[in-house]
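Peer 1: Right, I'll just put the structure down here and ask away after.
The values are calculated or read from the model by the stated rules, or taken from the named source; none is laboratory data. No experiment lies behind these values; they were computed from the predicted model shown. Cβ placement follows ideal geometry from the backbone for every residue including glycine, while neighbour counts extend to all protein chains displayed. For the accessible areas, the whole protein counts, side chains as well, though only heavy atoms, and no ligand, DNA or RNA atoms are used. Shrake-Rupley method; radii C 1.70, N 1.55, O 1.52, S 1.80 Å.
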Amino acid sequence: MFIKEYKTTFLHELSPLYDEMEIESFFYIILESFHNKKRIDLALNPEMEMDALQLLRWESTLAALKKEKPIQYILGETEFYGLPFLVNKNTLIPRPETEELIELIIKSYNLQPTINNPKILDIGTGSGCIAISLAKNLPNAQVSAIDVSEKALATAQKNAEINNVNVNFIQADILKVDDLENLPTSNIQHPTKYDVIVSNPPYVRNLEKSEIKPNVLEYEPHLALFVEDNDALLFYRKIAELAKKSLTENGKLYFEINQYLGKETVELLENFGFKNVILKKDIYGNYRMISCSK
């Protein structure tokens, strides 16, 4: 079957669930994954064909998309900050907004050339996207990362190997950690003080579930997404408390945040005595990031 001919079927079958632009995006992501071809290749060779086995893979993928399973989970991979990452049901799918958090940290580091070998801690690392992207782009950094999920850390370790970086992964429930100096030991000695602590913790309140699309609600790990309505800043408070003890003087704390709780998160950090608390919007105009200094 001609691939271009199958595209008509693909668009028709998914049109009740997704808009045309998103379906086009799915189609060309799959084309590259299954055939190692890009949009331009199909345009230049409209008679490109697929065999019966390839058609079966497309049909299986189409069926999963019709169940609103995320394309990243179907293919088992995604791209984040220009790097390849494995993803699965144990890890959140990295978002473009989080890339902005990486950019913010890298730019800040480049403005502080006196810190030659920054010690960075990523709390709630999931797929490892934040820690690995920082390790890749700040090659002199010593990067550690914590997650409560053993399965997520196994994926993060594979991602570190794929991207040829060293990250010290530590399994721990951050809510049960009294001091970052007392993290579980590993074969790599972790620092007692950090120049940067960053976290994209669970921050979606249960009351906001109605705003969440089915492809997220039904497939992505709730452990990494949701917090109770009556204590939505639980992780921010705990991490701020630990960061106050474990950041170097003038060390920086970065958070991705709930867009509806920007003011409350700023107040929490100011109450802990952090300086230069800055609330920033993401590419979609939502308050999504906070940075501050010890």
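Peer 1: In Å², what does the accessible area per residue of the chain work out to with a 1.4 Å probe? Write out the running numbers ahead of the final one.
Peer 2: Working: 14890 Å² over 294 residues.
Each residue of the chain exposes 51 Å² on average to a 1.4 Å probe.
Peer 1: Which of SER246, SER15, SER133 moves most in a GNM of the chain, Cα contacts under 10 Å?
Peer 2: Evaluated over the chain, the most mobile residue of the options is SER15.
Peer 1: Can you bin region 147-236 into rounded, prolate or oblate? Criterion: square roots of the alpha carbon gyration tensor eigenvalues sorted a ≥ b ≥ c, rounded for a/c under 1.5, prolate for a/b above b/c, oblate for the rest.
Peer 2: Numbers: a/c = 2.61, a/b = 1.49, b/c = 1.75.
Judged from the Cα gyration tensor, region 147-236 comes out oblate (a/c at least 1.5, b/c at or above a/b).
Peer 1: Given the whole protein assembly as supplied and a 1.4 Å probe, what does the accessible area of GLU103 come to in Å², nearest 10?
Peer 2: Taking all protein chains as shown, GLU103 has close to 70 Å².
Peer 1: Counting only protein heavy atoms, what percent of the accessible surface of the chain is carbon or sulfur at a 1.4 Å probe?
Peer 2: Working: 7360 of 14890 Å².
Percent of accessible area from carbon and sulfur atoms in the chain: 49.
Peer 1: For the chain, modelled as a GNM with alpha-carbon contacts under 10 angstrom, which of LEU233, LEU56, LEU86 fluctuates the most?
Peer 2: LEU56
Peer 1: From the square roots a ≥ b ≥ c of the eigenvalues of the alpha-carbon gyration tensor of region 41-117, which class results: rounded (a/c under 1.5), prolate (a/b over b/c), or oblate? Could you put the intermediate results ahead of the total?
Peer 2: Numbers: a/c = 3.80, a/b = 2.13, b/c = 1.78.
Cα axes put region 41-117 in the prolate bin.
Peer 1: I want to check the label-to-label distance for GLU267 and SER60. Put each point 7 Å from Cα in the C-beta direction and report it in nm to one decimal.
Peer 2: The two pseudo-label positions are separated by 5.3 nm.
Peer 1: Heavy atoms of the protein only, probe of 1.4 Å, neighbouring chains included. What is the accessible area of GLU256 in Å², nearest 10?
Peer 2: 10
Peer 1: With both partners inside the chain, how many of the DSSP beta bridges are antiparallel, as a percent to the nearest 5? Kindly include the intermediate steps, with their values, before the conclusion.
Peer 2: Details: 15 of 36 bridges.
About 40 percent, rounded to the nearest 5.
Peer 1: From the square roots a ≥ b ≥ c of the eigenvalues of the alpha-carbon gyration tensor of region 105-155, which class results: rounded (a/c under 1.5), prolate (a/b over b/c), or oblate?
Peer 2: Numbers: a/c = 2.85, a/b = 2.61, b/c = 1.09.
Prolate, since a/c reaches 1.5 and a/b exceeds b/c.
Peer 1: Would you mind getting me the FRET efficiency between ALA154 and MET1? Use the beta-carbon distance for r and R0 = 45 Å, nearest 0.05.
Peer 2: Here the calculated transfer efficiency is 0.75.
Peer 1: Same structure, new question: Accessible area of SER199, 1.4 Å probe, to the nearest 10 Å²?
Peer 2: Approximately 0 Å² for this residue.
Peer 1: By the scheme Lys and Arg +1, Asp and Glu -1, what is the net charge of all other residues having a beta-carbon under 13 Å from that of TYR18?
Peer 2: On the way: positive: LYS66, LYS67, LYS69, LYS213; negative: GLU13, ASP19, GLU20, GLU22, GLU24, GLU68.
Net local charge, TYR18 excluded: -2.
Peer 1: Which of LEU279, LEU253, LEU121 ends up with the largest GNM mean-square fluctuation for the chain, with Cα atoms connected below 10 Å?
Peer 2: LEU279
Peer 1: Right, next: Counting only residues 5 or more places away or on other chains, whose amide H sits under 5 Å from the amide H of VAL87 once H atoms are built in the peptide plane?
Peer 2: Sorted by chain and number, the residues that satisfy this are GLU77, THR78.
Peer 1: Hey, another quick one. Round to a whole angstrom and tell me the spacing of the C-alpha centers of region 76-151 and region 267-294.
Peer 2: With region 76-151 and region 267-294 each reduced to a Cα centre, they are spaced 19 Å.
Peer 1: Given the DSSP H assignment, sum -39500 (n - 2.57) over each helix run of at least 4 residues in the chain and divide by its residue total; what's the result at 222 nm in deg cm²/dmol, nearest 500?
Peer 2: Values: 11 runs with 118 residues, N = 294.
Mean residue ellipticity at 222 nm (helix-derived): -12000 deg cm²/dmol.
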